[in-house]
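The structure under discussion appears below in the form of structure tokens.
What follows is calculated from the coordinates using simple rules that are stated; it is not laboratory data. What you see is a predicted model; the values in this text were computed from it and never measured. Note that we place each Cβ from the backbone using ideal geometry, even for glycine, and neighbour counts take in every protein chain shown.
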Amino acid sequence: MHTGETITQFIIEEQRNSPSASGDFTALLNDVVVACKAIANCVQQGALVGGVLGSAGSENIQGETQKKLDILSNDIFLKANQWGGHLAAMASEEMDDVYPIPPQYPKGKYLLTFDPLDGSSNIDINLSVGSIFSILRCPEGVEDAKAEDFLQPGTEQVCGGFTLYGPSTMLVLTTGNGVNGFTLDHNVGEFILTHPNMTIPEDTAEFAINMSNQRHWEEPMKRYVDECIAGTSGDRDKDFNMRWVASMVAEVYRILTRGGIFMYPKDTRDPSKPGKLRLMYEANPMGFIVEQAGGICSTGRERIMEIQPNGLHQRVPVILGSKNEVERVISYHKDA
């Protein structure tokens, strides 16, 4: 059993450093942590719990097939966070519209967005999945939060975080003062600070991308990946390793621990979809974390955190990770 600092202690210590803090944000984060623990238990039990694995026979608003655990994880997030009086509303990747706080509960001053189960295609084959969340302030004077109240650039985030349900359950968090990682100690039911002040190395020899989409990429992306594949035989004079887990949470965690670059770029398959990943539920919270750890998060053309959202389910290209490699990809887009 680890006897280090718990996430509750960590959050309270951060609260004490802000004289104007009311405690609402701390209590909200605790509710989010409870949701992540409950989802971790469902993932860990797998087929031992009836009705968890397999397809739900439905699609979300993005037209993606939902897994049973997608829906269960979404419900867990809603129930854990709706009653505390800290939120004005919630928005989920799995729901068409904003989820208002039920009338029997008090409302608060924050907004919560989340992807309840990232990488759900990995569920039935027992590979890593995760949850991603972001906290925003509700605009002053708003009593019944609507979709437009959520449409704030990533620079306005109060907090960004994710939980990785892997061999151990990890929660990674930033509130704008660096990035810290916590490991769930199942013996005591608490997340323990195990990875303080996580930073991303500026250089890397590892890239992550879905190569099956190569024929659809724009030229700057083809140029970069071709150089990586050429290794010491090409212009870079450097060998690279390629990774692809099909779970953004797992990819970003690897980058936080040993560096790398993750890319889900714009492609030509569907002109109506400028990217694959969702700005509000994936790109912004992950961008916040990566930047706080010393990395860069970009579309190739602009900083993701500065994009003004135009819808709850807006998609964007995502290129993030080690500073020097992301800057190279950005420079190739500028050249083009």
Once the dipole of the chain is set up with Lys and Arg at +1 and Asp and Glu at -1 on Cβ about the Cα centre, which of Gly176, Thr113, Ser233 lies farthest towards its positive end? Ser233
Using Cα springs under 10 Å in a Gaussian network model of the chain, which residue among Pro153, Pro102, Pro220 shows the largest mean-square fluctuation? Pro102
Hey, with R₀ at 41 Å, roughly what FRET efficiency would Asp96 and Asn177 work out to, going by the Cβ-Cβ distance, to 0.05? 0.75
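Using the structure shown, list the pairs from Lys37/Lys107; Lys238/Lys334; Lys222/Lys276 with a Cα-Cα distance above 20 Å, or answer none. Don't jump to the answer; show the numbers that get you there.
Numbers: Lys37/Lys107 24 Å; Lys238/Lys334 23 Å; Lys222/Lys276 17 Å.
Distance filter (> 20 Å) returns Lys37/Lys107; Lys238/Lys334.
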Starting from 0.36 nm per residue, how many nanometres of slack lie between Thr257 and Ser18 once their C-alpha separation is accounted for? 83.1 nm
I'm checking a number: the convex hull volume of the Cα atoms of the range 7-195, normalised per residue, in Å³. What is it? 128
Pseudo-spin-label distance Gln44 to Glu140, built 7 Å along Cα→Cβ, given in nm, is 4.4
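Show me the ranking of peptides 270-283, 138-151 by mean Cβ neighbours inside 10 Å, starting with the highest.
Numbers: 270-283: 18.3, 138-151: 14.1.
Descending packing order for the listed peptides: 270-283, 138-151.
Can you tell me the FRET efficiency between Ala147 and Asp237 if r is taken as the Cβ-Cβ distance and R0 is 51 Å, rounded to the nearest 0.05? Present the calculation step by step, with values, prior to reporting the outcome.
Details: r = 49 Å, r/R0 = 0.97.
Step by step, r from the Cβ atoms, then E = 0.55.
Counting Lys and Arg as +1 and Asp and Glu as -1, what is the net charge of the other residues whose Cβ lies under 11 Å from the Cβ of Gln82?
Numbers: positive: Lys79, Lys107; negative: Asp31, Asp75.
Combined, the nearby Lys, Arg, Asp and Glu give 0.
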How large is log10 of I(q)/I(0) for the chain at q = 0.08, 0.09, 0.11, 0.15 Å⁻¹ when the intensity is taken from the Debye formula with one equal scatterer per alpha-carbon? -0.36, -0.46, -0.70, -1.31
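Would you mind calculating the relative contact order of the chain from Cα pairs under 8 angstrom and at least 6 residues apart, reporting the percent as a whole number? Don't skip to the end; give the middle numbers.
Working: 718 pairs, mean separation 53.3, N = 336.
For the chain, the relative contact order is 16 percent.
Under 8 Å for C-alpha pairs, at least 6 residues apart: give me the relative contact order for the range 206-335, rounded to a whole percent.
Details: 207 pairs, mean separation 35.6, N = 130.
Rounded, it is 27 percent for the range 206-335.
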